[in-house]
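Scroll down for the structure; my scribbles are underneath it.
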Ligand SMILES: Nc1nc2c(c(=O)[nH]1)N[C@H]1C(S)=C(S)[C@@H](COP(=O)(O)O)O[C@H]1N2
Ligand SMILES: [Mo]
């Protein structure tokens, strides 16, 4: 085979691979059943701990997007190779017309092995077969140049991808807009939070508009309520399992809770608050009769975190968020909330509570982090507004977990002198942030604004600066303000 002819075959094969990925995406979307999911998630799982840590601290969400993009490309290449190989075999057997069909079937088989989902596999197979057929019909081998077939293959792959993403988006927005009515008691609590929020431009309200997410997997799990259960086992008197129906039948409570990621930057945005609905974990654990000192929580995405069992006693199992069913990205159908502790032990998609006699090591601790304990105290500076009357307004949230926030001070001269900021009225709850705001007549020139909090035990936020790794960021947030 001459070189242009070979390149042409590769182009058609890659196009079939892209179309296979698109076909699977069109039917199952970004779900665990998507053919690219295992390869995309493996990229993160197999990566060395140091690399994962670097990606999360340096690139944040971009790191996982890059891994995801790499996973998509790798899957397209694998499926493309399968389609190409099958076509070659059909040609050799003297049945070139059967190529697309055989290719599609082979892709569906490999797709089924990857996704363990029939719909997803058929979507992939049909995608690959359609593109291969389109290229054949558009440019029969005898009549056209190889270059034209390659271009056609590219166009067909692009069209398949666009159609899949477009169709999926339309479908997803149609289903996602199906919001459930917010119960009255939740609505009352949410409006109370709204009233307590400062009216400061570009300051997020006390209940976050946009709650951050941190995930180890490129594609989140998507367990259904019917399939989900949580098993309590290990050092317990009585092993118990609760289904979603069991949880639904229990008395539900609503509580405000703030979450903060140990891996965020000092003035970063991985700090948010929501009103959660669910049941106290003790309501589930009492019957189990806990006998160990430690606990390991495990999740459907393979995540696991260990911590002392005491912290579990104030824990909560959330099934709702801000009056809606818990969103998939935040751990649907049920997640743990462990008040006052770094976000990482607030395990999403919770499937197991294993009580242990001996300490063990969690997912992030295996990668060098120390994120199972209580949060550091922080006051952040998120809003800087130059008011019409010439004053400067600075504001942000302050958070110290269950210690609470007692005071926030602001310096406008780089830390020489300090004044008290106004604090928002506290939300009901044991583990919630507060907002602070401070307005002042600015000096003539550029100046340094510094902010620091004092927690509910009277302890001042430490001044010494530390980066996030391994125990969470610390230090006072400061910012240069121009006149
Ligand atoms: N199953 C599971 N739970 C998880 C994680 C995860 O990757 N998988 N990330 C943890 C981390 S590091 C944080 S900071 C919080 C973030 O919760 P959120 O995504 O709802 O903001 O979830 C924690 N729970
Ligand atoms: Mo985190």
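Observations on the structure shown:
- Sole exception among (1) within 34 Å of the chain's Cα centre (by Cα); (2) buried (at least 17 other Cβ atoms within 10 Å of the Cβ); (3) in contact (Cβ under 8 Å) with a residue 40 or more places away in the chain for residue 423, by number: (3)
- Any hit, segment 203-214, residues being at pLDDT below 95 and in contact with a helix residue (DSSP H, G or I) (Cβ under 7 Å, 6 or more places away or on another chain): no
- For segment 457-483, the set of residues classified as touching a strand residue (DSSP E or B) at 6+ places or on another chain (Cβ under 6 Å), surrounded by fewer than 16 Cβ atoms within 10 Å (Cβ to Cβ) and within 17 Å of residue 408 (Cα to Cα) consists of 460, 462, 479, listed by residue number.
- The combined condition, being surrounded by fewer than 17 Cβ atoms within 10 Å (Cβ to Cβ), more than 16 Å from ligand 2 (Cβ to nearest atom) and touching a residue at least 60 places away in the same chain (Cβ under 8 Å), is not fulfilled by residue 254.
- Selected residue [more than 13 Å from ligand 1 (Cβ to nearest atom) and within 24 Å of residue 46 (Cβ to Cβ)] from 368, 362: 368
- Note on segment 278-299: residues that are within 14 Å of ligand 1 (Cβ to nearest atom) and surrounded by fewer than 22 Cβ atoms within 10 Å (Cβ to Cβ) total 2.
- Wholly enclosed strands (runs of 3 or more DSSP E) of segment 189-273 bearing at least 1 residues under 24 Å from the mean Cα position of the chain (by Cα) and within 16 Å of ligand 1 (Cβ to nearest atom): 229-234, 253-260
- Qualifying residue in segment 392-415 (condition: within 29 Å of the chain's Cα centre (by Cα), within 16 Å of ligand 2 (Cβ to nearest atom) and either touching a residue at least 24 places away in the same chain (Cβ under 8 Å) or surrounded by 18 or more Cβ atoms within 10 Å (Cβ to Cβ) (or both)): yes
- Among the conditions (1) modelled with pLDDT of 85 or more; (2) in contact with a helix residue (DSSP H, G or I) (Cβ under 8 Å, 6 or more places away or on another chain); (3) closer than 29 Å to residue 263 by Cβ, the only one that residue 73 does not satisfy is (2).
The values are calculated or read from the model by the stated rules, or taken from the named source; none is laboratory data. Keep in mind that what you see is a predicted model, and the values were worked out from it rather than measured. Methodologically, a virtual Cβ is constructed for each residue, glycine included, from the backbone with ideal geometry; neighbour enumeration extends over all protein chains shown.
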